[in-house]
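The values are calculated or read from the model by the stated rules, or taken from the named source; none is laboratory data. From a predicted model like this one, the values you see are computed outputs, not experimental measurements. Ideal geometry is used to build each Cβ from the backbone, glycine not excepted, and the neighbour counts take in all protein chains shown. All accessible areas refer to the heavy atoms of the entire protein, side chains included, with ligands and DNA or RNA removed. Shrake-Rupley method; radii C 1.70, N 1.55, O 1.52, S 1.80 Å.
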Amino acid sequence: MEVNNNLSRRGIFDKKRKTKQTDAMEKAGKSLKMNFVMNAILTMSSFVFPMITFPYVSRILLPAGLGKVSFATSLISYFGLFAQLGIPVYGIRACAVVRDDREKLTRTAHELLLINLIMTAISYGGLALALLFVPRLRGERILYIIVSSNILFTSIGMEWIYKALERYAYITVRSIIFKLAALAAMFLLVHRQSDYVVYGGITIFAASASNILNFVNVHKYIDRKPVGGYCLSRHAKPVSVFFAMSCAATVYTHLDTVMLGFMASDTDVGYYNAAVKIKTVLVSIVTSLGTVLLPRVSCYVRQGLMEDFRRITRKAVNFVVLVASPLALYFIFFAEEGIYFLSGFGYVDSVVPMRIIMPTLLLIGITNILGTQMLVPMGKETMVLYSEIAGAIVDIIINTVLIPRFASVGAAWGTLAAEFVVLLVQCYALGNEGAKALKQIHYFRIAIALVLGTVASMGVKILGFGNFLTLLISAVLFFGIYGLFLLLTREPLVLEIFNQAFDRIKGKTRKCLKR
């Protein structure tokens with residue numbers, strides 16, 4: 001009897017433990033989905049804001065005025081890069097590891113903030129010297145000073161601690177509030193071509209002013225008073241690696257604009273910027289999932305849960321291919337209508353660069369998962385660094401050769417080649433892990449869906465509806481048929497998303513009927 005009772009108790013205990021584990025997994029899954037939704041909204045809002053204002057601003061400032069602001073923003077990004085020192089990515093991982101211990105979290109955050117502020121001061125010193133002695137910059141000092149405020153706001157914002165704690169709802173809400181305020185300011189204050197300085201200031205306000213609230217509210221998660229035991233040197237090695245990674249990535253991300261500004265003209269920068277704006281918005285959609293994965297996959301690797309790590313990263317790669325492929329192909333075919341609708345007919349020279357850089361949606365999406373979400377949590381940051389250095393070298397070489405002759409078109413080819421090289425190096429670094437993640441994708445099924453969507457939408461071009469209606473009707477046909485074919489052929493991830501959405505709608509309908 002006693003043995004049976006013990007067995008019975010053990011069975012009840014095991015059942016309770018399994019129930020708790022299941023509940024924990026379901027809670028983690030719901031949390032990850034909510035974080036994805038919130039980060040998707042946040043990331044898209046960062047680019048939807050300029051996309052709403054861009055049709056207005058591009059027609060007011062024209063390519064020359066727009067090019068001045070774009071060149072200033074790209075140049076200041078290098079000084080900001082030095083000030084941040086790789087902490088925006090490293091800080092997420094470092095804080096995620098100690099996020100359950102307030103004292104350790106406080107110590108880590110204080111150390112990283114102090115490093116940030118020291119480097120910010122040095123960065124501003126370098127910027128002051130550049131404004132004094134570089135003739136190309138001296139004439140637009142006010143613009144550069146205003147745009148450089150982004151450096152300070154980013155440093156004190158400590159966004160990395162909020163992402164490590166997965167506070168995406170807070171980040172999203174406060175960011176959107178500031179962007180709406182900036183949206184109103186844009187239409188109220190920018191009326192002439194000479195208002196490009198005002199436009200630059202409003203853009204920085206929309207992107208960075210919310211960091212002030214971050215600094216004010218951070219006491220909810222860490223102590224403001226010193227906790228002692230600080231050791232800045234323990235961050236030296238990882239920060240240096242992440243800094244080098246950021247350097248390489250920023251070089252080939254902004255190098256095209258900077259080299260265009262020095263080797264061509266502000267007008268060429270304006271043409272290129274119009275193409276890049278659209279690409280940047282689409283990239284934000286493709287990479288939304290990857291950003292919220294970093295704290296979670298870092299925890300999986302630290303706890304030795306490698307199967308969970310592989311499962312979630314492979315699903316992320318599948319998501320990227322499913323989303324990036326149709327976006328890239330659609331905007332290759334409808335680049336002309338997209339540019340004319342957003343920027344006006346004065347930006348005809350933006351169409352070809354846009355078509356060239358559209359494949360980077362897929363390349364950037366995949367490398368975001370393979371690099372930041374797989375290699376970094378696995379402790380292989382140096383391989384990400386090598387991939388980005390390789391991309392930067394290729395970008396510099398191609399830009400040097402092609403920009404003097406082809407201007408913005410040459411810069412676009414440089415970007416495409418750089419992103420392709422980054423992907424090749426990261427695939428080599430991951431070996432079998434990368435191959436397994438890429439093999440699980442149903443490429444043939446996706447290719448057929450893309451062909452069907454293209455055939456259905458291309459006829460809209462010849463009907464003469466105008467740019468907006470052409471984009472609207474063709475997008476509905478292209479993405480509708482693409483998604484429907486994948487759903488009918490039961491593509492696993494598409495089917496999973498559809499079932500979850502259907503169950504949620506059905507659940508809400510039942511609640512409404514009960515009321």
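Summary table
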{"read-out": "Cα shape, the range 97-164, gyration tensor, a/c 1.5 rule", "value": "prolate"}
{"read-out": "Shape of the range 75-188, Cα gyration tensor, a/c cut at 1.5", "value": "oblate"}
{"read-out": "Percent of Cα pairs exceeding the 12 Å cut-off, where the set is the range 436-483", "value": "63 percent"}
{"read-out": "Spatial separation of Cα centroids for the range 316-332 and the range 407-476, in angstrom", "value": "6 Å"}
{"read-out": "Gain on full stretching of the segment that runs from R138 to F262 - 0.36 nm per residue minus C-alpha separation", "value": "43.2 nm"}
{"read-out": "Inter-probe distance in nm under a simple model that places probes 7 Å from Cα toward Cβ, at L180 and V455", "value": "4.6 nm"}
{"read-out": "Chymotrypsin sites (Phe, Trp or Tyr not before Pro) restricted to the range 390-469 and DSSP loop, no more than 15 other C-beta within 10 Å", "value": "F465"}
{"read-out": "Cα centre as origin, Lys/Arg/Asp/Glu Cβ charges: the range 396-510 dipole, Debye", "value": "340 debye"}
{"read-out": "Label zone at I122, where the point sits 7 Å out along the Cα-to-Cβ direction: the range 71-90 residues whose backbone N lies under 14 Å", "value": "79-87"}
{"read-out": "Mean Cβ count within 10 Å, highest first, over the residues of peptides 71-78, 143-150", "value": "71-78, 143-150"}
{"read-out": "Residue (of A435, G410, T382) at the positive-pole extreme of the range 344-455, dipole from beta-carbon charges", "value": "A435"}
{"read-out": "Sequence of L469, L132 from largest to smallest accessible area, 1.4 Å probe", "value": "L132, L469"}
